[in-house]
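Undergrad: This is the structure I have questions about; it appears just below.
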Amino acid sequence: LLQSSMLQQVPAANIQQVMINVEQVEVEKGADLIRQGDSGDFYYMLTKGCAVVRRDNGDGKGPSELATLGPGDAFGEESLLSDTPRNSTVTMLQEGMVLRLGKEHFLDLIHNPLLERLDMQAAQARVGEGAIWLDLRSTEQFDESHLPGAMNFPFESLRYQASSLAPDGNYILYSDAGGRATAGAFLLTERGIKVAVIKHAGEDFDLDT
């Protein structure tokens, strides 16, 4: 946990509180760590074993496999940050162990200290200095309208496309609903990418504001 690049960015006092409040849990093969449709309760880091991520798109074809997770991989933040149900199921492929941190502690100790919020004027100034707009809305919404020079990385695929972003880049995130910008910002910060979000970008965001 201490080797996590994400945790290395939070204040030392917060790290101490994380270590006090984190739980270590043994998990059996076949156990669902999170289930699609459930409400978010914990942020997880897999420390032993491997797991598979699956999502049911409701098209009658059944769950499709999105990714496999191994030791050091963290997950579960999207639902905590956006206050939406879990959008996938994570199932252990073998017995193992996870660390988990409750939602309140995750928000207070890790997420909030890392999140940089900018008003539109400050965000535009940063873009003028070389930062890039990152639009997390759907491709259809992006095609209809977007900020000048913006890149489109739909939120649902951001986790799997993040490796294509320049690690030394500087990005300003925006979306149109329910904490997606803040969830995306955490996901990229976790990967060592410098990001900020427009204030209120987790709510209804108007491109004309």
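The values are calculated or read from the model by the stated rules, or taken from the named source; none is laboratory data. No experiment lies behind these values; they were computed from the predicted model shown. Cβ atoms come from the backbone with ideal geometry, glycine included; neighbour counts cover every protein chain shown. Ligands, DNA and RNA are excluded from the accessible area calculation, which covers all protein heavy atoms including side chains. Shrake-Rupley method; radii C 1.70, N 1.55, O 1.52, S 1.80 Å.
Undergrad: Are there any pairs with C-beta distances below 9 angstrom linking a residue in segment 1-20 that is among the β-branched types (Val, Ile, Thr) to a residue that is loosely packed, with under 15 Cβ neighbours inside 10 Å, with the two at least 6 apart or on different chains, and if so which?
TA: Filtered contacts from segment 1-20: 10/113; 15/2; 15/8.
Undergrad: Can you run down the residue pairs with Cβ atoms below 9 Å, 6 or more apart or on separate chains, where the first is in segment 28-54 and free of Cβ contacts under 8 Å to residues at least 24 places away in the same chain and the partner is open to solvent by less than 60 Å² (accessible area, probe 1.4 Å) and of a type in the set (Val, Ile, Thr)?
TA: From segment 28-54, no pairs qualify.
Undergrad: Out of the residues in segment 124-142 that are in contact with a Phe, Trp or Tyr (Cβ under 6 Å, 6 or more places away or on another chain) and open to solvent by less than 50 Å² (accessible area, probe 1.4 Å), which is modelled with the lowest pLDDT?
TA: Quick first cut of segment 124-142, residues in contact with a Phe, Trp or Tyr (Cβ under 6 Å, 6 or more places away or on another chain) only: 132, 134-136.
From what is left, the residues that are open to solvent by less than 50 Å² (accessible area, probe 1.4 Å) are 134-136.
On the way: 134: 96, 135: 96, 136: 93.
Taking the candidates together, the pick is 136.
Undergrad: Can we say residue 121 is in a loop (DSSP other than H, G, I, E, B), of a type in the set (S, T, N, Q) and either open to solvent by 60 Å² or more (accessible area, probe 1.4 Å) or at positive phi (or both)? Please lay out each step first, then the result.
TA: Details: in a loop (DSSP other than H, G, I, E, B): no; of a type in the set (S, T, N, Q): yes; either open to solvent by 60 Å² or more (accessible area, probe 1.4 Å) or at positive phi (or both): yes.
Criteria not met by residue 121.
Undergrad: Turning to a different aspect of this structure: Counting just the residues of segment 72-114 that are within 30 Å of residue 148 (Cβ to Cβ) and more than 12 Å from the chain's Cα centre (by Cα), which one comes out least open to solvent (accessible area, probe 1.4 Å)?
TA: Restricting to residues being within 30 Å of residue 148 (Cβ to Cβ) and more than 12 Å from the chain's Cα centre (by Cα), the top hit is 114.
Undergrad: Just the residues that are hydrophobic (A, V, I, L, M, F, W, C) and either exposed (fewer than 12 other Cβ atoms within 10 Å of the Cβ) or over 14 Å from residue 97 (Cα atoms) (or both), please, taken from segment 1-33. Give the steps one after another, and end with the answer.
TA: Kept after step one, since they are hydrophobic (A, V, I, L, M, F, W, C), are these residues of segment 1-33: 1-2, 6-7, 10, 12-13, 15, 18-20, 22, 25, 27, 31, 33.
Residues satisfying the conditions are 2, 6, 7, 10, 12, 13, 15, 18, 19, 20.
Undergrad: Select from segment 143-162 the residues that are in contact (Cβ under 8 Å) with a residue 12 or more places away in the chain, open to solvent by 70 Å² or more (accessible area, probe 1.4 Å) and assigned to a helix (DSSP H, G or I) and list them in ascending order.
TA: Once the filter is applied, which keeps residues that are in contact (Cβ under 8 Å) with a residue 12 or more places away in the chain, open to solvent by 70 Å² or more (accessible area, probe 1.4 Å) and assigned to a helix (DSSP H, G or I), segment 143-162 yields 156, 160.
Results for (1) buried (at least 16 other Cβ atoms within 10 Å of the Cβ); (2) over 19 Å from residue 82 (Cα atoms); (3) touching a Lys or Arg at 6+ places or on another chain (Cβ under 8 Å); (4) modelled with pLDDT of 85 or more, shown as yes or no for each residue.
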position: 165; (1), (2), (3), (4): yes, yes, no, yes
position: 182; (1), (2), (3), (4): yes, no, no, yes
position: 190; (1), (2), (3), (4): yes, no, no, no
position: 199; (1), (2), (3), (4): no, no, yes, no
position: 202; (1), (2), (3), (4): yes, no, yes, no
